[in-house]
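The values are calculated or read from the model by the stated rules, or taken from the named source; none is laboratory data. Because the structure is predicted, anything quoted here is derived from the model rather than measured. Virtual Cβ from ideal backbone geometry, glycine too; neighbours counted across all protein chains shown.
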């Protein structure tokens, strides 16, 4: 039976947790295990063939592929792109109904039942991290058995995006102090699935966490850093020994 | 002082506005629960979740899984952190497997065909088992063929016992079998089990044709090692060279990708061996053994003789050989995939794996590590040669009854072999599959099986971790449909036919194996009583013994003095392009095409989903006046052709075209049927000369433009990329350079 616990105050949680993710592009192979794990965990609708053709595919995390050079001296590079959970998120101030805002734990949050579908946030996101539900998501009756009961199924007309698996964060941290939440004790679905361990998730307010330590890595960068969005998601540069 | 009506209204207005304004400054934090209703009000009760450990064969790989189950329904598949091969991670196919259980087109109960060619009628299990018993009792057992997809562990053992006890013939089916790899490993290392590749501790890897990070054998296991190979703590970054005729995921991950003439991988390996031996930079004892004491034994492979044949410069070959043998740490050679898919497949792979002897990387950390021979049975995909013989036996009436389990031979064998006609000649087809694929839809009787999440079993991984490993498969949920585990059907029917097995059910059979493991009193689980051992082993997902390894390094055999050339099918003047098919990273060779998640995940290189395409070099496309999305026909010397849309791929070599395997189903659920083309249909039916396996990378084709265009469903181009000047999306780090280059 569910129990009601006293919610921690916003100040408590802001001092306790600041969630972050680091993605090492030198480990990433573009395998897309993260993509499917995210779809499964977060009840992301099945992208039918028409969704790709019409440019309406919904992916909370996607793997982008970039070409460099020409045959035979050619290279494909991959980068997983998800909501960067920016501290100065361009999506937040443009929402007329406060459906997206920054919470006290560093997450950019989407409130589905506030969203009226203006799509201003999607237009303003430089990372194309937001997807709009142009249609009511449909699962065949049998496949509904696999839906995650911890995650709201979004309806038509609502914007959605990566929540950093906030349901897992809630389950693992409710009524807990940072000392009760050891580094690595839980992960978002994408991080959990990643076969090369290219993705690391953790609490930036914990100086001993892996994500905190990786802040000093010489390969660290943010995508579109000059925009000043201050993303919470950080990347480690891909090492290229070509010509070295 | 009295309060006037006007003052009251003013204060009330200010207070209301203030309340709204100040409340609006910060959103109540509990709003976040709208996204995630984890913390529900007291009057709403959510289900409790449980996690159960199990194992599944994912392609050729073995993945230990933890399945989240809530209110009797499986909700999420995750990797089992305890299982030595995938250590908490999992492949997209493992995740998508969940959809097999709850698939809307899954066969819901046993079915019998009312009349030959007529519709199916649902029946109960007693009637289904009675009908099966009658079919097998009436048949001459020698005229019964049991065809199974690749199977391992206890189910393979039960299946083999059944076939042997009853007297049926048995064949494994896999469109891309591993017979060439197995024969090569046996040739060069004398091992019956495939070895592990210690990628995590290698310093220099040369892979020939094996897309080990994408589709080859057990990519999740290999990717675990690859992450460490790149950025593991306390080690230098490893260097990966990939030799392949297609630009795969592994090629993209490599530091160097080299294209050589398809089928000449063995020549390159032996030319490297010749360089290493003649320059004296490798292990001298191994060199003497591989050359039979004559260090000039490999003179036919001198770089000057080989370079022009394989499309590489002599300096390029020497450079690779010197880097491979001269690496400061451990060098490792891996071969497979397209390198073994030629008429000289065994020659190629034997030569590639011989390189490990020259650098001392056989059965040592960072090299090839031998696995103990599995104590249990395994059903491997049989070579094409055996399947041709089986089809001939069906046509001649020698085979009259076909029992099928996950062996979709109509889709997986070329149309040239006329499989459907052979099936029409049979008296009876019985299928144990859960879905109406092209072969099962021709069955007379269907006894649908469980999905992997619903049944008992074990798995002894094909590529183990270097020590004895037995994984336990347990039903994490009750059966969702009116199905019965294939193993249980065989055990029950065997009893009816008078060939009883020593167990009453698959659960009993698995427990019997567990008893043997318990009796060893060693390994990852040791408990005083069997019941405690059983419970703990199921919780952990299996049993493994790090002390049970294979020691020693065998004496290398003498390498072939004379080169064996690949025979390509098709005259190059008529069929100018080399066809390199490749396995899809999500739908495999088609066995996962019914799963919507597997269909919808974009191909990493092209970003195409739900479809078949042909990858064409930009200059080749320009020469043929082809543009992206133009539909072309690909035709081989066999006379078969398919129509596919073009994907202009800048990494495709000019004289090569590549097409993914797996689509082109006529049936196999609404998610797979009528989608794309089946490239297997136009492959020349040439065989590897040693094993008889299909030389699937040895076909030449011609490409002709049609007047049709289609929109390829792909992720690429859905949104205009926002490239900022001087601000790349992917930034690269060039060691030793202060100002790092960027893309």
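Looking at residue B:616, is it surrounded by fewer than 24 Cβ atoms within 10 Å (Cβ to Cβ), closer than 24 Å to residue B:250 by Cβ and within 12 Å of another protein chain (Cβ to nearest Cβ)? Lay out the reasoning, then the answer.
Values: surrounded by fewer than 24 Cβ atoms within 10 Å (Cβ to Cβ): no; closer than 24 Å to residue B:250 by Cβ: yes; within 12 Å of another protein chain (Cβ to nearest Cβ): yes.
When the stated conditions are applied, residue B:616 does not pass them.
Go through B:539, B:531 for me and flag whichever is without any contact (Cβ under 8 Å) to a residue 40 or more places away in the chain, part of a helix (DSSP H, G or I) and out of contact with any helix residue (DSSP H, G or I) (no Cβ under 6 Å at 6 or more places or on another chain).
Numbers: B:539 fails: without any contact (Cβ under 8 Å) to a residue 40 or more places away in the chain.
After applying the criteria, what remains is B:531.
Kindly indicate the residue of segment B:565-601 that is in a loop (DSSP other than H, G, I, E, B) and within 14 Å of chain A (Cβ to nearest Cβ) and also nearest to residue B:260 (Cα to Cα) among those meeting that condition. Walk me through it before giving the result.
Going residue by residue through segment B:565-601, those that are in a loop (DSSP other than H, G, I, E, B) are B:565-568, B:570-576, B:585-587, B:589-595, B:601.
Now narrow it down to the ones that are within 14 Å of chain A (Cβ to nearest Cβ): B:585-587, B:592-595, B:601.
Values: B:585: 23, B:586: 27, B:587: 28, B:592: 31, B:593: 31, B:594: 35, B:595: 35, B:601: 30 Å.
Applying the filter and picking the extreme gives B:585.
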Exercise for the section: Of the numbered conditions (1) more than 27 Å from residue B:436 (Cβ to Cβ); (2) in contact with a strand residue (DSSP E or B) (Cβ under 9 Å, 6 or more places away or on another chain), residue B:678 fails exactly one; give the number of that condition. Expected result: (1)
Completion exercise
A careful count of residues in segment B:222-251 that are surrounded by fewer than 24 Cβ atoms within 10 Å (Cβ to Cβ) and out of contact with any helix residue (DSSP H, G or I) (no Cβ under 9 Å at 6 or more places or on another chain) gives 4
Handout entry: Yes/no for residue B:181 being in contact with a helix residue (DSSP H, G or I) (Cβ under 9 Å, 6 or more places away or on another chain), touching a residue at least 24 places away in the same chain (Cβ under 8 Å) and either farther than 22 Å from residue B:559 by Cα or outside any helix (DSSP H, G or I) (or both)
Key = no
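Mind checking which residues of segment B:138-158 are over 21 Å from residue B:56 (Cα atoms) and touching a helix residue (DSSP H, G or I) at 6+ places or on another chain (Cβ under 8 Å)? First the steps, then the outcome.
Initial filter on segment B:138-158 (over 21 Å from residue B:56 (Cα atoms)): B:138-146.
Of everything in segment B:138-158, those that are over 21 Å from residue B:56 (Cα atoms) and touching a helix residue (DSSP H, G or I) at 6+ places or on another chain (Cβ under 8 Å) turn out to be B:141, B:144, B:145, B:146.
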Practice task
Would you confirm whether any residue within segment A:204-213 is more than 14 Å from chain B (Cβ to nearest Cβ) and in a helix (DSSP H, G or I)?
Solution key: yes
Exercise for the section: Looking only at segment A:171-191, count how many residues are free of Cβ contacts under 8 Å to residues at least 12 places away in the same chain and part of a helix (DSSP H, G or I). Expected result: 2
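Would you tally the residues in segment B:477-502 being part of a loop (DSSP other than H, G, I, E, B) and in contact (Cβ under 8 Å) with a residue 24 or more places away in the chain? Working first, answer last.
Within segment B:477-502, the subset part of a loop (DSSP other than H, G, I, E, B) is B:477-485, B:497-502.
Subsequent filtering for residues that are in contact (Cβ under 8 Å) with a residue 24 or more places away in the chain retains B:477-485, B:497, B:499, B:501.
The number of residues fulfilling the criteria is 12.
Kindly indicate whether residue B:65 is facing chain A (nearest Cβ under 7 Å), in contact with a helix residue (DSSP H, G or I) (Cβ under 8 Å, 6 or more places away or on another chain) and on the phi < 0 side of the Ramachandran plot.
Numbers: facing chain A (nearest Cβ under 7 Å): no; in contact with a helix residue (DSSP H, G or I) (Cβ under 8 Å, 6 or more places away or on another chain): yes; on the phi < 0 side of the Ramachandran plot: yes.
It is false that residue B:65 is facing chain A (nearest Cβ under 7 Å), in contact with a helix residue (DSSP H, G or I) (Cβ under 8 Å, 6 or more places away or on another chain) and on the phi < 0 side of the Ramachandran plot.
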Practice task
May I ask you to list the residues in segment A:226-238 that are surrounded by fewer than 20 Cβ atoms within 10 Å (Cβ to Cβ) and within 7 Å of chain B (Cβ to nearest Cβ)?
Solution key: A:226
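Pick out the one residue from A:140, A:195, A:126 that is facing another protein chain (nearest Cβ under 7 Å), under 21 Å from residue B:74 (Cα atoms) and either out of contact with any strand residue (DSSP E or B) (no Cβ under 6 Å at 6 or more places or on another chain) or at pLDDT below 95 (or both). Walk me through it before giving the result.
Values: A:195 fails: under 21 Å from residue B:74 (Cα atoms); A:126 fails: under 21 Å from residue B:74 (Cα atoms).
Result of the check over A:140, A:195, A:126: A:140.
Every residue, every condition in (1) buried (at least 17 other Cβ atoms within 10 Å of the Cβ); (2) within 16 Å of the chain's Cα centre (by Cα), yes or no:
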| residue | (1), (2) |
| --- | --- |
| A:95 | yes, no |
| A:100 | yes, yes |
| A:103 | yes, yes |
| A:108 | yes, yes |
| A:129 | yes, yes |
| A:134 | no, no |
| A:139 | yes, no |
| A:145 | yes, no |
Practice task
Would you mind telling me which numbered condition in (1) surrounded by fewer than 21 Cβ atoms within 10 Å (Cβ to Cβ); (2) within 8 Å of chain B (Cβ to nearest Cβ); (3) farther than 24 Å from residue B:211 by Cβ residue A:41 fails?
Solution key: (1)
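Just checking: which of the helices (runs of 4 or more DSSP H) contained wholly in segment B:198-308 hold 1 or more residues that are without any contact (Cβ under 8 Å) to a residue 40 or more places away in the chain? Walk me through it before giving the result.
Details: elements: B:219-231, B:249-253, B:265-278, B:284-290.
Of the helices (runs of 4 or more DSSP H) lying wholly inside segment B:198-308, those with at least 1 residues that are without any contact (Cβ under 8 Å) to a residue 40 or more places away in the chain span B:219-231, B:265-278, B:284-290.
Could you say which residue among A:112, A:120 is at the interface with another protein chain (Cβ under 8 Å from one of its Cβ atoms) and over 23 Å from residue B:70 (Cα atoms)? Can you show your working first?
Values: A:120 fails: at the interface with another protein chain (Cβ under 8 Å from one of its Cβ atoms).
Among A:112, A:120, only A:112 is at the interface with another protein chain (Cβ under 8 Å from one of its Cβ atoms) and over 23 Å from residue B:70 (Cα atoms).
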